[in-house]
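Heads up: the structure comes next, in structure tokens.
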Amino acid sequence: MGQDPRQLLDTKASGFMLKSRPLQCTAGVTMIEMFTVLVVLTVVMAIGAPATVRWLRQSEIRSNAESLRSALQKARAEAIARNTRIKISIGDKSGGTSWTMGCAMASDRCPAVLHVQRAPSDSRIRWGAANSHGAGNFFVALTAGAALPGEVEFHPLGNAPRVISGNDIARVDVLHAGDAEAGRLVVSIGSAGNIRICDPALPVTAARGCH
């Protein structure tokens, strides 16, 4: 029996179209690939998390040391501006980071309390202090609460003579109570009224080294 040539052409054309149609691939992520990515992320986080925590604690130490330096500089500026002695009392027996600033000889024009800074209740930053007799060896850390509470008194010329002649604080170590490996910074007070932050982990010849 013969077949219509038009049907033959249609059948051949259809077969050609089916054969020439491009293959379509479906992209996806297998469970093994997902598991591999999760393992890699877990390892990266395990390695990076301690370093991040350490960096944050070091930043806390730096910020607190700069805040203390600013408070001491403010007390010195008040003494010069008011032409009177200004006293700043810092810390407590536990090494808390609070301070109170006021006039050494209170009057109506110069109150006993000018400024107060309370330590945050959740802060793990601690202070340890020393007078001029115990402040020399910067490479030996002071314990939290050492020589505290203590004070520094600035005179109208901006100097702090009791740092040498009395028992005023000459040095404050700023450290983290929960991480000794985070390091520490030292805030030093000179009898001329100079206030400086140094890092005992640096060589003495470094610009920010303790000397």
Item to check | Per DSSP, loop trypsin sites (Lys or Arg not before Pro) in the stretch 131-211 with at most 13 further Cβ within 10 Å | outcome: Arg208
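Can you figure out the FRET efficiency of His211 with Asp108, using R₀ = 41 Å and their beta-carbon distance, to the nearest 0.05? It would help to have the intermediate numbers written out before the result.
Working: r = 44 Å, r/R0 = 1.07.
Efficiency, from the Cβ-Cβ distance: 0.40.
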Checklist entry - Between Ala77 and Val140, how many nm apart are label points set 7 Å from Cα along the C-beta direction? => result 3.6
Checklist outcome for this item: Within the under-14-Å Cβ sphere about Asp168, not counting Asp168, Lys/Arg +1 and Asp/Glu -1 give a net charge of +3
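I'm a student and want to see the number: the projected area of the Cα convex hull of the stretch 32-198, averaged over all directions, in nm².
Working: hull surface 46.6 nm².
Dividing the Cα hull surface by four gives the mean projection, 11.6 nm².
DSSP loop (so not H, G, I, E, B), at most 15 other Cβ within 10 Å: list which chymotrypsin sites (Phe, Trp or Tyr not before Pro) in the stretch 84-160 pass both filters.
Values: sites: Trp99, Trp127, Phe138, Phe139, Phe154; in loops: Phe138, Phe139.
Of the chymotrypsin sites (Phe, Trp or Tyr not before Pro), the ones in loops of the stretch 84-160 whose Cβ has at most 15 other Cβ atoms within 10 Å are Phe139.
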Item to check | Two-site FRET efficiency, Asp92 against Leu202, from Cβ-Cβ distance with R₀ of 25 Å, rounded to 0.05 | outcome: 0.30
Next on the checklist: Just to check I understand the Karplus step: with θ = phi - 60° and J = 6.51 cos²θ - 1.76 cosθ + 1.60, what whole-Hz values come out for the stretch 174-186, glycine and proline as x?
Outcome noted: 10, 9, 9, 5, x, 7, 5, 6, 6, x, 7, 10, 10
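Every number here is computed from the coordinates shown, using simple stated rules; none is lab data. Only a predicted model underlies this, so the values are computations on that prediction, with no experimental measurement involved. When we count neighbours, we look across all protein chains shown, and the Cβ atoms used for this are built from the backbone with ideal geometry, even at glycine.
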